[in-house]
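Encoded as structure tokens, the structure appears first; notes follow it.
Laboratory data are not the source of any read-out in this text; all were calculated from the coordinates shown. Note that the structure is predicted; figures quoted are calculated from it, not measured. Ideal geometry is used to build each Cβ from the backbone, glycine not excepted, and the neighbour counts take in all protein chains shown.
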Amino acid sequence: MTTILVGTDSSAAADLAVDHAARLARDRESDLVVLLVRSDGDLRSVVDPGKAADPGRYLAHVAQRFPGVPTSTRVEHGEAAERIVAVAQELSADTIVVGNRGTHGSWWRVRDSVPNLVLRHSPCSVFIVDTRRAQ
């Protein structure tokens, strides 16, 4: 395993996935790529109290949090699952890590959740982190 990609929206739940991805990268001596996808036109992301007030600052501090883990960050615009899969393909990532936030509820809501879409379309292994304790 050489490259691990983790998707984040800077929320507390997504940060649990980032922590798990960093541990996995450290254990496997892999590069960690932290990807923040900004949804075009999603006004809820501007006022969501569960997300970091400044996602850019959040990303700037990621590498400091995980000394010894080669870490890079990236920002993409668009639909989260689509961009995560596309970046994984571009980087030839070995593993994608995402949180399961948003996968609870009725089966038809789960079907189109970000983790489920990533799982269905991923070009590599997917590790889904249980993030319920952060909710």
query = Contour minus end-to-end for Asp112 and Arg26, with contour as 0.36 nm per residue of separation and end-to-end as the Cα-Cα distance?
reply = 27.8 nm
request  = Estimate the FRET efficiency between Arg38 and Arg132 by the formula 1/(1 + (r/R0)^6), using the beta-carbon distance for r and 35 Å for R0, to the nearest 0.05.
outcome  = 0.90
request  = Collect residues whose amide H, placed 1.01 Å from N in the peptide plane, falls under 5 Å from the amide H of Val37; neighbours closer than 5 in sequence don't count.
outcome  = Thr8, Glu76
query = Hey, with R₀ at 22 Å, roughly what FRET efficiency would Ser125 and Ala60 work out to, going by the Cβ-Cβ distance, to 0.05?
reply = 0.20
inquiry  = Can you give me the long-range amide H partners of Thr73? Hydrogens built in the peptide plane at 1.01 Å from N, cutoff under 5 Å, separation of 5 or more residues or another chain.
reply    = Val34
ask   = Which distance in nm do the two modelled labels at Glu90 and Ala12 give, with both placed 7 Å along the Cα-to-Cβ direction?
value = 3.2
